[in-house]
Amino acid sequence: MKKNEKRSECPISRALDILGDKWTLLIIRDIVFRGFRFYNEFLEGGEGIATNILSDRLKILESNGFLVSKKYELQKTRKIYTLTENGIGLIPILLEMLVWGFNFDDSLIIPNQKADMMNEIIKRVKTDRDGFLKEIIASVRSFDAKNYC
């Protein structure tokens, strides 16, 4: 597991110390927007993360209080990963990143069905950001995440 030392006392710098690599945020994204809960789901999620990186990032997220893991009741050899309240607190940041990424990069190749959904997300964020955010958080808490990405 990589070290988690502070570079400075700046809150932005501290957030980047913990969340600043792409894999960490993609793991959170996969829980929030894709409903992933198991190691193999993250590993096979299409981003090409290596097993050692995934294992390391899950440990970092857990040691920093963003995730908890516990044995899966139906198969004791598997762990199930869920967000803590600190992890849920990252959802507004991810939502803004989703909107920004969609608006920023017009070269994204998004199938028509997904493009319609993305446009709906953008519209919801503009017209009812708080309500939409509550809906996403409720879906994460009930393990019923929608696939927004």
When both residues are 6+ apart or on different chains and their Cβ atoms are under 6 Å apart, which pairs have a first residue that lies in region 81-105 and is among the aromatic types (Phe, Trp, Tyr), and a second that is modelled with pLDDT of 85 or more?
Tyr81/Arg37; Tyr81/Leu67; Tyr81/Ser69
Condition first: within 16 Å of Arg29 (Cβ to Cβ), of a type outside the set (Phe, Trp, Tyr) and either assigned to a helix (DSSP H, G or I) or touching a Cys at 6+ places or on another chain (Cβ under 6 Å) (or both). Now tell me which residues in region 39-72 satisfy that.
Glu41, Leu43, Ile53, Leu54, Arg57, Leu58, Ile60, Leu61
Suppose the filter is at pLDDT below 90, surrounded by 15 or more Cβ atoms within 10 Å (Cβ to Cβ) and of a type in the set (A, V, I, L, M, F, W, C); does Phe33 pass it?
yes
Taking region 108-147 on its own, how many of its residues are at pLDDT below 85, farther than 19 Å from Gly46 by Cβ and in a loop (DSSP other than H, G, I, E, B)?
2
Filtering region 37-65 for residues that are among the aromatic types (Phe, Trp, Tyr) and in contact (Cβ under 8 Å) with a residue 40 or more places away in the chain leaves a count of 2
Please determine, by comparing only the residues of region 73-84 that are not β-branched (Val, Ile, Thr) and not in a loop (DSSP other than H, G, I, E, B), which one is surrounded by the fewest Cβ atoms within 10 Å (Cβ to Cβ).
Lys76
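Yes/no per residue for (1) of a type in the set (Ser, Thr, Tyr); (2) exposed (fewer than 14 other Cβ atoms within 10 Å of the Cβ); (3) under 17 Å from the mean Cα position of the chain (by Cα):
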| site | (1), (2), (3) |
| --- | --- |
| Gly87 | no, no, yes |
| Val99 | no, no, yes |
| Ser107 | yes, yes, no |
| Met117 | no, no, no |
| Lys126 | no, yes, no |
| Lys134 | no, yes, yes |
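The values are calculated or read from the model by the stated rules, or taken from the named source; none is laboratory data. Every value quoted in this text rests on a predicted model; they were computed, and no experiment measured them. So basically every Cβ, Gly included, is an ideal-geometry build from the backbone, and we count neighbours across all protein chains shown.
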